[in-house]
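Structure record follows, encoded as structure tokens.
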Amino acid sequence: MKRVVLTAIAVLLAVLFTCALPSSAAPPAPAATTPPTSPAVPTGSAPAPAPTRAPGIPATLRVGTEGVYPPFSYHDEKTNKLTGFDIEYMDALAAKLGTKVEYVETPWDAMFAALETDRFDLVANQVTYNEERAALYDLSEPYIETTGVIVVRDGDDSIKSLADLKGKRAAENLTSNWAEVAKNAGATIVGVDAMALAIDNLRQGRVDVVVNDKLAIQNYLATRPDPGVKVVAETDDTSRSVFAARKGSGYMPSINKAINELQADGTTKRIYDKYFTPKAQAPSRWDLVRDNAWPMLRQLIKVTIPLTFISFAIGLVLALLVALGRMSPNPVLSNLARFYISVIRGTPLLVQLFIIFYGLPEFGVKIDPFPAAVIALSLNVAGYAAEVIRAAIQSLPKGQWEAAETIGMNRVTTLRRIIIPQAARTAVPPLSNTLISLLKDTSLTSVILVVDLLRQAQIAAAPSLQFFTMYLMAAVYYYLACLVLSFIQSRTEVRLNRFVAS
Amino acid sequence: MTDHTPRPDHSTTDGGSVAPPTAARGIPLVAVDHLAKSFGAHEVLKDISFTVEPGTVTCVIGPSGSGKTTLLRSLDALEIPDAGVVRVGDCTVDFGEIHPGPKRRLDRRTRELLATLRSKSGMVFQAHNLFAHRTVLQNLLEGPVVVQGEPVAQATERARRLLDEVGLSAHVDKYPFQLSGGQQQRVGIARALALRPQVVLFDEPTSALDPELVGEVLGVMKTLAAEGWTMVVVTHELRFARQVADQVLFIDEGLVVERGTPEQVIGDPQQARTKAFLRRIMEPI
């Protein structure tokens, strides 16, 4: 038994190491250090950072940003480069600070968890100043000020100001400042992932109102010929966007100085005008599909499929060990296995991903996104597959064990040569279910910064806000991948059924 | 972690032989002494003692629930008796000294001892218990090659001869499900012989078969008996016992009620219980 366990652990470690390598070689977000994208940025035109680095600033500043929040932080439709007001401003700021920037793309709802667990040093994503945040984080002086706007459906006259929000339903990013504003005005908050989805919900009549950043809404309306929604009012208070770092970072004196310099030399105004003057119409749906067919397929092949298969392979080995533990005469082992299964099956995969990625760093264990995803998914698969494997093993007649015993086999050899090959036949259909679910569950890993197929679809959808089209396209890719898995399943079943009467 | 069974030295054995092992006459090959076994409050074996001479056939008969299958399984340590001594060849196990933990857990030394005992005998099951995912030939190789480490070529050669002997040369590459019940049981017999046991144990080998298939299995067993294999057979086939057995044990309620030649036990039973049992078998209606 000992040897089997050791082999399993060795396999596990080997796989973890090999999958740790590509992910550290290729950072989780497609954007690496980006030189200023616009030739007009005055101080950033030199490729090398200024020789003198501002005090308190590290040589490379890791910056967290959404990448799906136009026009502040998104991927250019043509070049797929990370760009936007916040990005270009950050590049200019970094040039002033004499440091390099490395962007880490993170969903907004995971942004502060990632900041706290040292995934990056600074957030550049239209973080709105408020006192709660000021108490928890180092915040810079504002680099842009804007007001919120109240958006309603065309033809809805019941809302004219914040005061009318009482009892209405508002679609907002749960952790955003605008959710707070709407809630204080008495609205019920419906949580959505992105501003574009909030507007979709509004258009479709699922909610009554959206409160959001004026600049973001203006940009959205400018790219839509027939938005179906209208701005009815501005909120009273201005919202000030700031950079956020962990408490005690010591960055802010230098950053604040640079912000003032950018204001003084006109850079801020220039970048502002570039992003907040109404743009030409967004590309057509078909252009979008054509342009993103390959990038999405690439993420499917490079991330989603390897993630699925590596996690499944490790998960199966773990599942076998858990199943054996569960059947062990040793009460400690069997109860441990039982507990493991109940915890894994009794908690959401999303929470498991969060705990591995954002929870473990609290205890000094920091794991890159891809290996963290592999760990969480394998542990999850193990919990589900263990019961399948146990049932399959126990469904074999006792005579098979006895026959092996009488020819002198020990239990490990019996398992390996007699029991598992026969149990595999009954286990394959339910395990295939697990595999196919796993393929789609990998889409949850975007919350821990894995750029998988679904995340790529979000990135592609963000500039033009065509989420429906891109999600549909992602669904087609997932479906095709599942068809292939189903085909493999039926081939495997035929092979394993060769020794039973049809 | 290795298999516990001692590995025979294949370089000195007669590679292709499928003949029974030779043993000195006069010294019993199997000796069972005061064997007792309970399942909970139910005493299945109360006090069983007997011996088996090499090259002889012992048939164990008795009503269902009398303990005969438990007795046979004890010889192969598939059941762990509570007390008593079993000796097969030069391996002696005193079950009085073996105390399984919860869920039949045994320490390593005991497991090795039992594996040695098992290596002395081959078991033929009522339900044949062939490995369903292995072909006929692979079923025969599993023990010699995987457990005992015999070279594949030599083991294959022997397996083919054994299959020839049980009349299955045409079916070596079939899977068990492709065979009839009688053929499956003959593979089961060949698999037991492939281990080169000193004694072959049969647990009601024909009870699960359709009546027209019983003959082919008994025929093979008769041939083996004639070749000089030492056999212990739990059976309800009185005609077979009469024709082939050297010794018949009649067991009831965990005790040996009568023991002797077939002529004595079946032909001229002395005990009332034996007579009643034989009458029920021969005149069921």
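Points worth noting:
- Lysine pair count for segment B:30-282 [Cα-Cα under 18 Å; pairs on different chains or 8 or more apart]: 5
- Viscosity 1.002 mPa s, 20 °C: Kirkwood-radius Stokes-Einstein D of segment B:30-282 over Cα pairs, µm²/s: 114
- In order along segment B:173-179, the phi-based Karplus estimate (6.51 cos²θ - 1.76 cosθ + 1.60, θ = phi - 60°) of 3J(HN,Hα) comes to 9, 8, 8, x, 5, 8, 9 Hz; Gly and Pro are listed as x.
- Complex-versus-alone comparison for segment B:177-218, residues with a loss of 50 Å² or more in accessible area, probe 1.4 Å: B:Phe177
- Globularity ratio of chain A, using Cα Rg and 2.2 N^0.38 Å: 1.14
- Shown here for segment A:61-141: trypsin sites (Lys or Arg not before Pro) in loop regions (DSSP other than H, G, I, E, B) with at most 15 other Cβ atoms within 10 Å, namely A:Lys78, A:Lys81.
- Among B:Gly65, B:Gly182, B:Gly122, residue whose mean-square fluctuation peaks in a GNM of chain B (springs only between Cα atoms under 10 Å): B:Gly65
- Ordered from highest to lowest accessible area with the whole protein assembly present and a 1.4 Å probe, A:Ile341, A:Ile420 read as A:Ile420, A:Ile341.
- Enclosed volume per residue, in Å³, of the convex hull spanned by Cα atoms of segment A:177-236: 88
- Heavy atoms of B:His236: accessible area, 1.4 Å probe, square angstrom to 10: 70
- Chains B and A together bury roughly 2500 Å² of accessible area, counting both sides, with a 1.4 Å probe on protein heavy atoms only.
- Proportion of all alpha-carbon pairs of segment A:293-421 beyond 22 Å (%): 49
- Every Cα-Cα pair in segment A:196-335 was counted, and those over 21 Å apart are 73% of them.
- Here the 3J(HN,Hα) profile of segment A:329-338, calculated from phi with Karplus coefficients 6.51, -1.76 and 1.60 at θ = phi - 60°, is x, 6, x, 5, 4, 5, 6, 4, 4, 4 Hz, Gly and Pro shown as x.
- Anisotropy class of segment A:67-118 from Cα gyration tensor, a/c 1.5 cut: oblate
- Averaging Cα coordinates gives a centre for segment A:308-352 and one for segment A:169-220; these two points are 41 Å apart.
- Of the two radii for segment B:114-243, the radius of gyration is 0.94 times the Kirkwood radius, both from the alpha carbons; that is the Rg over Rh value.
- With the gyration tensor restricted to C-alpha atoms of segment B:197-285, the semi-axes of the equivalent ellipsoid amount to 22, 17, 12 Å, longest first.
- FRET efficiency for A:Arg491 and A:Arg345, using Cβ-Cβ distance with R0 set to 41 Å, rounded to 0.05: 0.90
- A 1.4 Å probe run over segment B:30-282, with the rest of the protein chains in place, finds 39 Å² accessible per residue.
- Rounded to the nearest 10 degrees, the inclination of helix A:285-299 to the longest alpha-carbon principal axis of chain A is 50 degrees.
- One decimal place: the segment B:Glu227-B:Thr261 gains 10.3 nm when fully extended, by the rule 0.36 nm per residue minus the C-alpha distance.
- Only beta bridges with both residues in chain B are counted; by DSSP, about 55 percent of them are antiparallel.
- Dividing the mean sequence gap of close Cα pairs (under 8 Å, 6+ apart) by how many residues segment B:30-282 holds gives a relative contact order of 26 percent.
- Our estimate of slack between A:Glu145 and A:Ser437, defined as 0.36 nm per intervening residue step minus the Cα-Cα distance, is 100.6 nm.
- Contact order normalised by residue count of chain A, Cα under 8 Å, 6+ apart, percent: 17
- Burial of accessible area (probe 1.4 Å, heavy atoms of protein chains only) in segment B:64-79, relative to its chain alone, reaches at least 10 Å² for B:Arg73, B:Asp76, B:Leu78.
- Positions from segment B:128-171 whose accessible area shrinks by 10 Å² or more when the full protein complex is built, not the chain alone, probe 1.4 Å: B:Asn129, B:Leu130, B:Phe131, B:Ala132, B:His133, B:Arg134, B:Glu142, B:Gly143, B:Val146, B:Val147
- Relative to the longest principal axis of the Cα atoms of chain A, the long axis of helix A:2-25 makes an angle of roughly 20 degrees.
- FRET efficiency, B:Thr22 to B:Ser49 (Cβ-Cβ, R0 30 Å, nearest 0.05): 0.70
- Of all accessible heavy-atom area on the protein assembly as shown, the percent that carbon and sulfur account for (1.4 Å): 57
- Calculated P(r) of segment A:371-502 - Cα pairs past 23 Å, %: 51
The values are calculated or read from the model by the stated rules, or taken from the named source; none is laboratory data. Everything quoted here is computed from the prediction, not taken from an experiment. Neighbour counts are summed over all protein chains in view; Cβ atoms, including those assigned to glycine, are modelled from backbone coordinates with ideal geometry. Accessible surface is based on the protein model in full, side chains and every heavy atom, while ligands, DNA and RNA are left aside. Shrake-Rupley method; radii C 1.70, N 1.55, O 1.52, S 1.80 Å.
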